[in-house]
Amino acid sequence: MIDSVWCALMARYNQWMNRKLYAACAQLGPAEYKEDRGAFFGSAHGTLNHLLYADTIWMRRFQGRPLDGLSPRMEFHPELEALREMRDIFDREIIGWAESLSAGWLAADFSYARVAGGDYTLPAWQLVTHMFNHQTHHRGQLTTLLSQFGIDPGVTDLAAMPGQTA
C-alpha cells in the first residue's frame, strides 16, 4: 500500500512535469497548440484541458465535493497562459492534499459514481494511484505531440526531478 510520503512525491512530480510541459507548449504557435494531431484529446490544448478535468474530478471526489459543471471534454480556458495559471494553483492544492493524507484514509474503501455510469468501491490508495498514473499516461501523449513539432520537453524521469537525492 502507498502512504502520504509517496503521494506527496507523486504530487510534486506532477507539478514539476506540468511546469515543464506547459513551458514546452509555450514554444508552439497558437495554431499548432490547438491543432488536432489525432491524439485521444486531439491537440496539446485538448490534452492539457483533459488533465485538469481529470484531476479536478478526482480531487472533488476525494474531498467529498460535488462534480457539478464538469464534463470530460470541457475547456477550462481557451488560452495556454491562463490554463497554466489554473494548473499551477491546482497543483499546489494537490500537493497540500497529498501531504495531509492519513494511512487510515488511504487503506479505507472509497465509493464513487463514474460520470459515464456505474458505482464503484475500491481501496482509496488504489484510486489515488490511478489518479497519478492517469496524469503520467496523458503527459506521455503530450510529449509525443510535442515531439511531432520538434520540441523536446527534456528528461521526464522521476529520479531527475530537482530535490531527489540518493
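Overview of values
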| item | result |
| --- | --- |
| Inter-residue pairs, beta-carbon under 7 Å, first in contact (Cβ under 8 Å) with a residue 40 or more places away in the chain and among the basic types (Lys, Arg) and in the stretch 130-147, second crowded, with 17+ Cβ neighbours inside 10 Å and in a helix (DSSP H, G or I), 6+ apart | Arg139/Met17; Arg139/Leu21 |
| Qualifying residue in the stretch 142-149 (condition: out of contact with any Lys or Arg (no Cβ under 7 Å at 6 or more places or on another chain), at pLDDT 95 or above and exposed (fewer than 14 other Cβ atoms within 10 Å of the Cβ)) | yes |
| Selection count where residues are out of contact with any Asp or Glu (no Cβ under 9 Å at 6 or more places or on another chain) and on the phi > 0 side of the Ramachandran plot, scope the stretch 30-66 | 2 |
| Inter-residue pairs, beta-carbon under 6 Å, first within 15 Å of Phe132 (Cβ to Cβ) and in the stretch 89-118, second in a helix (DSSP H, G or I) and polar (S, T, N, Q), 6+ apart | Asp91/Gln15; Asp91/Asn18; Leu101/Ser4 |
| Condition met for Arg92 (out of contact with any Asp or Glu (no Cβ under 9 Å at 6 or more places or on another chain) and over 16 Å from Gln15 (Cα atoms)) | no |
| Criterion (farther than 20 Å from Met17 by Cα and in a helix (DSSP H, G or I)) met by exactly one of Arg60, Arg139, Arg87 | Arg60 |
| Test: residue in the stretch 81-100 that is among the polar types (S, T, N, Q) and surrounded by 12 or more Cβ atoms within 10 Å (Cβ to Cβ) | no |
| Of the criteria (1) of a type in the set (Gly, Ala, Ser); (2) over 18 Å from the mean Cα position of the chain (by Cα); (3) under 19 Å from Thr136 (Cα atoms), which one Ala11 fails | (2) |
| The stretch 146-164, residues that are more than 18 Å from Met10 (Cβ to Cβ) and either under 18 Å from the mean Cα position of the chain (by Cα) or not acidic (Asp, Glu) (or both) | Leu146, Ser147, Gln148, Phe149, Gly150, Ile151, Pro153, Gly154 |
| Residue list for the stretch 55-79, filter: modelled with pLDDT of 95 or more and either in contact with a strand residue (DSSP E or B) (Cβ under 7 Å, 6 or more places away or on another chain) or among the hydrophobic types (A, V, I, L, M, F, W, C) (or both) | Ile57, Trp58, Met59, Arg61, Phe62 |
| Residue within the stretch 41-56 that is under 19 Å from Leu146 (Cα atoms), surrounded by fewer than 18 Cβ atoms within 10 Å (Cβ to Cβ), more than 14 Å from the chain's Cα centre (by Cα) and not β-branched (Val, Ile, Thr) present | yes |
| Sole residue being closer than 23 Å to Met131 by Cβ, surrounded by fewer than 19 Cβ atoms within 10 Å (Cβ to Cβ), among the basic types (Lys, Arg) and touching a residue at least 60 places away in the same chain (Cβ under 8 Å), chosen from Arg12, Arg19, Arg37 | Arg19 |
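The values are calculated or read from the model by the stated rules, or taken from the named source; none is laboratory data. Everything quoted here is computed from the prediction, not taken from an experiment. Methodologically, a virtual Cβ is constructed for each residue, glycine included, from the backbone with ideal geometry; neighbour enumeration extends over all protein chains shown.
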